[in-house]
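Remarks on the structure that follows.
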Amino acid sequence: MVVSTVEVAVDPSLTAQVLAWILTGAALGSISGLVPGLHANNFALVLAGVAPSVPAPPLFVGIAMLAAGVVHTFLNAVPAMALGVPDAEMAITALPGHRLVLEGRGYEAIRLSALGSVLAVLIAVPLAIPVTRCVTAVYPAVRSNLPIVLVLVVVGLLASEYGWRARFGGLLSFSLAATLGLLTLDLSPDAPLEAGGMLAPLFAGLFGAPVLIDAIRGGGVPPQRDRDVTMPRGLLALAAGAGAIAGAIVGYIPGISAAIAAVAVLLVIPSGTNDRSYIVATSGVDTANTIFALFALVAIGQPRTGVMVAFENANAPLNLPVLVAAILLAGLIGFVLVIVVGDAYLDVVGRMAYWRISIAVLALLCVVAYLFTGPLGVGVFVVAAAVGMVPIRFRARRVHLMGVLIVPVALSGL
């Protein structure tokens, strides 16, 4: 069933159903965003599995999936900052955001992420069609030379480190993560819930567990101060806009994650790679990616995210006007939620003994790994946690751990 924009606009009953499904997706995206180790992909795959038995048109199920994916990109910043536990898209944001939290600027960090995401939505929607045409034009050339593109990205990341110790640590981190990715990404372990994949334990171990392990001996989250955003408005808009454009690249080219795209974006930001620019740019890339991934599915017929894979599996029609409207509304909902829920989240974490939180979240990550990837996933989580400690010890950026995806993708393109 294909629903037109005119029908949605004039039929109150149909409009109410669309809103209900958007709110359902927003609720699922909030849960996946706030619970460490979960991802919108998990719920999207569950919805895709039950879609045939859902008494609603596939379009409505698809709307819920997209809304969940968008809201997730807003809310996933909260555990990344409060606990230092990101998902794959927020990997590079976790440490800078967590640093601001430890400086008592967590409220500001939450708002920076929210602004980066909502500005990316507002920028990406009107640019989606022209940017899609441009990217589609160069896509064949980039796709055929993808290994070279990825090698250049890796070399650039290593060269941007300060000092040979950090560069060596970055290279070692990249090599270990790449080996881990080659050995585990294609595995299909038996698990209680068939709605996940090896990315969940890999990223929880590489990026989340090391912060939690170090935090057991730390002093916890200090009291948070005022909520003012100190980043200049012009720079904030530039970071969000550049992040939105980079989201198009992430949406079309496999292997370039939001984390890597954000690092590349920072090269064109005048103030350099400060923590606030990281947060805004990465949030912008992450959220814009959900929009451009939809247009990529329309333009080249390739789903570039787990949510879009589930969307395609649910046989949801590509009704762009309705879907884009749902994305816009979900973005506004996510903007409000991340500020309200994020502040409360920080306050609750600040009142608790942080070593207890760290142990509890580590246990939760193990449980999530088991539910979605079985005993093998728990083992991968443990090994990934050990690899994730390497860049920290060498004072290198953790973005080098993205080798877990870059090398497998580069080799698949040869």
* Answer with yes or no whether L38 is part of a loop (DSSP other than H, G, I, E, B), of a type outside the set (F, W, Y), farther than 26 Å from V265 by Cα and modelled with pLDDT of 65 or more. => yes
* To do: Kindly provide the set of residues from the range 264-278 that are modelled with pLDDT of 65 or more, assigned to a helix (DSSP H, G or I) and over 17 Å from I123 (Cβ atoms), ordered by number.
  => A264, D275, R276, Y278
* Return yes or no: is L376 open to solvent by less than 10 Å² (accessible area, probe 1.4 Å), part of a helix (DSSP H, G or I) and modelled with pLDDT of 90 or more? => no
* Asked: Taking the range 316-356 as the search range and keeping residues that are part of a loop (DSSP other than H, G, I, E, B) and among the small types (G, A, S), which one is surrounded by the fewest Cβ atoms within 10 Å (Cβ to Cβ)?
  -> A353
* Output for the range 119-130, where each listed residue is of a type in the set (V, I, T) and touching a Ser or Thr at 6+ places or on another chain (Cβ under 8 Å) -> V121
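Conditions tested, residue by residue: (1) of a type in the set (F, W, Y); (2) modelled with pLDDT of 85 or more; (3) within 18 Å of G374 (Cα to Cα).
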| residue | (1), (2), (3) |
| --- | --- |
| L171 | no, yes, no |
| F174 | yes, yes, no |
| L185 | no, yes, yes |
| D190 | no, no, yes |
| E194 | no, no, yes |
* Asked: If F335 passes every condition in (1) closer than 27 Å to Q224 by Cβ; (2) among the aromatic types (F, W, Y); (3) modelled with pLDDT under 85 but one, which one does it miss?
  -> (3)
* Members of the range 384-414 found to be closer than 22 Å to L187 by Cα and in a loop (DSSP other than H, G, I, E, B), listed by number -> G413, L414
* Just wondering, is there one or more residues in the range 58-70 that are modelled with pLDDT under 65 and either part of a helix (DSSP H, G or I) or farther than 21 Å from V285 by Cα (or both)? -> no
* **The one condition in (1) among the β-branched types (V, I, T); (2) closer than 30 Å to F60 by Cα; (3) open to solvent by 50 Å² or more (accessible area, probe 1.4 Å); (4) touching a residue at least 40 places away in the same chain (Cβ under 8 Å) that I359 fails to fulfil** => (2)
* Hey, among the residues in the range 1-28 that are of a type in the set (S, T, Y) and at pLDDT below 85, which one's nearest to V324 (Cα to Cα)? -> T5
* To do: Determine, yes or no, whether V368 is of a type in the set (A, V, I, L, M) and either under 29 Å from L115 (Cβ atoms) or open to solvent by 60 Å² or more (accessible area, probe 1.4 Å) (or both).
  => no
* **Test result for A246, within 29 Å of V149 (Cβ to Cβ), buried (at least 24 other Cβ atoms within 10 Å of the Cβ) and small (G, A, S)** => yes
* Boolean, Y139 is part of a loop (DSSP other than H, G, I, E, B) and out of contact with any strand residue (DSSP E or B) (no Cβ under 8 Å at 6 or more places or on another chain) -> no
* Kindly indicate whether A191 is over 22 Å from the mean Cα position of the chain (by Cα), aliphatic (A, V, I, L, M), within 30 Å of V341 (Cβ to Cβ) and surrounded by fewer than 21 Cβ atoms within 10 Å (Cβ to Cβ). => yes
* **Unique match (being in contact with a helix residue (DSSP H, G or I) (Cβ under 8 Å, 6 or more places away or on another chain), surrounded by fewer than 18 Cβ atoms within 10 Å (Cβ to Cβ) and assigned to a helix (DSSP H, G or I)) among G156, G116** => G156
* Have a look at P317, P303, P321 and point out the one that is over 23 Å from A77 (Cα atoms) and within 22 Å of the chain's Cα centre (by Cα). => P303
* Asked: Which one of these does F394 not meet: (1) over 23 Å from the mean Cα position of the chain (by Cα); (2) surrounded by fewer than 19 Cβ atoms within 10 Å (Cβ to Cβ)?
  -> (2)
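The values are calculated or read from the model by the stated rules, or taken from the named source; none is laboratory data. Every value quoted in this text rests on a predicted model; they were computed, and no experiment measured them. Here the Cβ is made from the backbone with ideal geometry for all residues, glycine too, and neighbour counts use every protein chain on show. Calculation scope for accessible area: heavy atoms of the full protein, side chains included, ligands and nucleic acids excluded. Shrake-Rupley method; radii C 1.70, N 1.55, O 1.52, S 1.80 Å.
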